[in-house]
1. Is it the case that Glu103 is over 16 Å from the mean Cα position of the chain (by Cα), among the acidic types (Asp, Glu) and either near the ligand (Cβ under 10 Å from one of its atoms) or modelled with pLDDT under 95 (or both)?
2. Suppose the filter is within 13 Å of the ligand (Cβ to nearest atom) and within 27 Å of Gln166 (Cβ to Cβ); does Leu108 pass it?
3. Quick one: count up the residues across segment 127-141 that are surrounded by 14 or more Cβ atoms within 10 Å (Cβ to Cβ) and more than 13 Å from the ligand (Cβ to nearest atom).
4. Here is a check on your reading of the model: is Gly25 of a type in the set (Gly, Ala, Ser) and in contact (Cβ under 8 Å) with a residue 24 or more places away in the chain?
5. Go through segment 146-161 residue by residue and tally those that are over 14 Å from the mean Cα position of the chain (by Cα), within 14 Å of Leu112 (Cα to Cα) and not small (Gly, Ala, Ser).
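The values are calculated or read from the model by the stated rules, or taken from the named source; none is laboratory data. All of these numbers come straight from a predicted model, not from anything done at the bench. Cβ: placed from backbone, ideal geometry, glycine included. Neighbour counts: every protein chain shown.
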Amino acid sequence: MNQLSSSTPHVVLVGLMGTGKSTVGRRLAHKLGWEFLDTDDEINRVTGKTVRQIFESVGEKAFRQLEHDALVAGLQHSSPHIIAGAGGVILRADNRQLLRTAEHVVWLNAPLHVLVERIGQRSVTGDGHRPLIDGDPAARLEKLYAERESLYRDVSSVEIDVEGLQIPEVIDQILATTGLEAKL
Ligand code: S3P
């Protein structure tokens, strides 16, 4: 499915691995009294497999289809959702088109060195759901950053630089820039 005309005001978080999309998204949803969907978790729920298992068994292209389906599933909900899109959700043109139907697309961004510090070391031994940065996380992240920066910029309505911010501060910035009102 390429087109979706949902009037439900979902918010999608996008950005590279390590920017805090899942943690921020879950807490933001709780604060708003909304539901939360993480595309990686949705894929895991539907397939019963981890991201790494899917990459290893059927490859990245098949994973991207599952990711597309998870994004559609999130945006199709009739109740407002905070959707944490995994880092690669902006790669497919049909996904970028879908993202434009969301009420807000928030890009969590940080300088490359911050992301490398956050997840680089942890991934040297093969982080559970990040096969794309196996081996040399810093070099791989640098490449992903260069390839994707313009795509995140292209789809997002809000950009937040998370460098030096604690999770509650990121959430406050999202609330301030989107005009959403916390219930809690
Ligand atoms: C990916 C990001 C990961 C996961 C997979 C691919 C990417 O999710 O979907 O390893 O292409 O950037 P997170 O962004 O939640 O780490």
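1. Numbers: over 16 Å from the mean Cα position of the chain (by Cα): no; among the acidic types (Asp, Glu): yes; either near the ligand (Cβ under 10 Å from one of its atoms) or modelled with pLDDT under 95 (or both): yes.
So Glu103 fails the test.
2. Values: within 13 Å of the ligand (Cβ to nearest atom): yes; within 27 Å of Gln166 (Cβ to Cβ): yes.
When the stated conditions are applied, Leu108 passes them.
3. Initially, segment 127-141 is screened for residues surrounded by 14 or more Cβ atoms within 10 Å (Cβ to Cβ), giving 127, 129-134, 137-138, 140-141.
Keeping just the survivors that are more than 13 Å from the ligand (Cβ to nearest atom) gives 138.
Total satisfying the criteria: 1.
4. Working: of a type in the set (Gly, Ala, Ser): yes; in contact (Cβ under 8 Å) with a residue 24 or more places away in the chain: yes.
Taking the combined requirement at face value, the residue satisfies it.
5. So the count comes out to 2.
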